[in-house]
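Notes for the one structure printed next.
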Amino acid sequence: MEPIKIGLLGLGTVGGGTVNVLTRNAQEIARRAGRGIQISHAAAKYFNPNLIHGLDQIIHISKDAWAVVNDPEVKIIVELIGGDTIARDLILKAIENGKQIVTANKALIAKHGNAIFKAAQNKGVTVAFEAAVAGGIPIIKALREGLTANHIHWIAGIINGTANFILTEMRTKGRNFEEVLAEAQACGYAEADPTFDVMGIDAAHKLTILASIAFGIPLQFDKVYTEGINHIDPIDVAYAQELGYRIKLVGITKHVDTGIELRVHPALIPEPCLLANVDGVMNAVLVQGDAVGSTLYYGAGAGSEPTASAVVADIVDVVRTLTTDPEHRVPHLAFQPKEMSNLPILSIEQVETAYYLRLNVEDKVGVMAGIASILATEGISIEAIQQKEQPDGAQWVPLIMLTHEVTELCMNKAIQRIETLEHVKGSVVRIRLEQLDS
Ligand code: HSE
């Protein structure tokens, strides 16, 4: 059989990795796919030829992405340029032209996936996006196919390698934020705009996709509560560690009685929990299903060849499905398109979690009683309190509290009142705490 011809948009970190993997493992991949795979047409604004070893295998390379999506020879478009404007137009045009699509573009799927999947379904083509979430970890396939028997209760993931790398280096080496971020950028882990990593936006894109597949709800990126790691003070990383916790940027989505929680924020995770031990640029996703219990997926969440691993797996999947009836392929978002549910997404005020609080208080009789009384009136139960030793004569001392679970709304009210107390200085630091038990 003739090799299938693919068109590649982008020859950057992931595009270059895809060329390298497809070239290096060409024979094994062809044995798995049932036919050879040839990159016949590629477009890139610029690329580093020294980092890509299979360039000579590509028949045409130009700067014109439109020529690739309009090339009649090309059957599969692999979109690796990122962003959600030009990439969206190119993909919609490629679908209109009847091409199959493979993309690693999480922002695009999270924000425009509903329209893209609809267009693809009308045209009978597939849009595969394994590389959009957690790099090389096959979490989309695991959730959509491997766990299809389950009612999913919740998913908690470390799904941004750059933020995890920054927090790990802060905790283990006391390095500063900017220096570690620059290193993540140099390694090709960070987004083109690194605020996406630091502010939790990239993780929110990925969580949006995971929640849709887990719960059969439309993609709703605009409803994700998103908080980054930019405000994390190294002192809280250290205090958390003393208490037996690690601070991680987590994406959590939960099916609760009243709807779906969809949130990205830093959280204290107990040290014995495997997720707390996922360090550096690594990613991990913990899924709680009713039948299977807890399953954990761990691996490289970013980087050239780990992400290319997922891209190439999608290409092979698409090649295998070309001869099948489009009506009977695995649905893009796991559930049949007519069976999507409109479960409400909860606001962050409705979410219940435990909390780590740090207050600067005057070391005086009655101060603690005042704080405890406010917490009690808001129905907040204290699990632990620790006053940090300060040099003799220090007027203000840090007070650390861990609470039991409470709604964010009650916690907001309590914090507002505590901050007005005469013997409490400045803002209360609050970080959510997740036990992640089943
Ligand atoms: N910037 C992303 C990360 C790349 O650091 O995880 C992979 O999506």
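The values are calculated or read from the model by the stated rules, or taken from the named source; none is laboratory data. Just so we're clear, the structure is a prediction, and the values are computed from it rather than from any experiment. Every residue, glycine as well, gets a Cβ built from its backbone with ideal geometry; the counts of neighbours run over all protein chains shown. Remember, those area values only see protein heavy atoms, side chains included, never the ligands or the DNA or RNA. Shrake-Rupley method; radii C 1.70, N 1.55, O 1.52, S 1.80 Å.
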Pull out the extension gain between ALA67 and ASP363, defined as 0.36 nm times the separation in residues minus the alpha carbon to alpha carbon distance; nm, one decimal.
-> 99.5 nm
Got a number for the accessible area of SER294? Probe 1.4 Å, square angstrom, nearest 10.
-> 70
With only Lys, Arg, Asp and Glu charged, each at its Cβ (+1 for the first two, -1 for the last two), find how big the charge dipole of segment 285-438 is about the Cα centre; round to the nearest 20 debye.
-> 280
Where a ≥ b ≥ c are root eigenvalues of the Cα gyration tensor, a/c under 1.5 meaning rounded, otherwise prolate if a/b exceeds b/c and oblate otherwise, segment 383-423 counts as oblate
Hydrodynamic radius by Kirkwood for segment 140-300, inverse mean 1/r across distinct Cα pairs, in Å, is 16.0
Of VAL224, PRO270, TYR245, which is farthest on the positive side of the dipole of the chain, counting Cα position, with +1 on Lys and Arg Cβ, -1 on Asp and Glu Cβ, and the Cα centre as origin?
-> VAL224
So, with +1 on the Cβ of K and R and -1 on the Cβ of D and E, and no other charges, what is the size of the charge dipole of segment 79-168 about its Cα centre, to the nearest 20 debye?
-> 140
For the ARG35, SER427 Cβ pair and Förster radius 45 Å, calculated FRET efficiency rounded to 0.05 is 0.15
Once both labels are modelled 7 Å past Cα along the beta-carbon direction, what's the VAL256-ASP437 spacing in nm?
-> 1.8
In range of the label at HIS231: residues from segment 416-438 whose backbone nitrogen is under 11 Å from the point 7 Å along Cα→Cβ = 427-432
Cβ-based charge dipole, the chain, positive-most Cα from ILE86, PRO194, ASN150 = ILE86
Of the listed pairs LYS364/LYS425; LYS141/LYS248; LYS45/LYS141; LYS141/LYS254; LYS75/LYS111; LYS45/LYS123, which have alpha-carbon separations greater than 21 Å here?
-> LYS141/LYS248; LYS45/LYS141; LYS75/LYS111; LYS45/LYS123
Once GLN185 and ARG24 are pulled to full extension, the length gained, defined as 0.36 nm per residue separation minus their Cα-Cα distance, is 55.3 nm
If you rank TYR225, TYR355, TYR298 by how much accessible surface each has, with a 1.4 Å probe, what is the order from largest down?
-> TYR298, TYR225, TYR355
For the chain, inverting the pair-averaged 1/r of distinct alpha-carbon atoms gives a Kirkwood value in Å of 23.2
Report the extension gain between ASP279 and ASP56 in nm, rounded to one decimal, defined as 0.36 nm multiplied by the number of residues separating them, less their alpha carbon distance.
-> 76.5 nm
List the pair-distance distribution P(r) of segment 42-200, using every Cα-Cα distance, as the percent of pairs falling in each 10 Å bin from 0 up to the bin containing the longest distance, rounded to whole percents.
-> 9, 30, 33, 22, 7, 0
Hey, for a label at ALA372 modelled as a point 7 Å past Cα toward Cβ, could you say which residues of segment 383-417 have their backbone N under 11 Å away?
-> 385
Quick one: putting +1 on the C-beta of Lys and Arg, -1 on the C-beta of Asp and Glu, what dipole do you get for segment 348-433 around its Cα centre, in Debye to the nearest 20?
-> 120
Give a residue-ordered list of calculated ³J(HN,Hα) values for segment 104-113 (Karplus: 6.51 cos²θ - 1.76 cosθ + 1.60, θ = phi - 60°; whole Hz; x for Gly, Pro).
-> 10, 8, 5, 4, 5, 5, 4, 8, 10, x
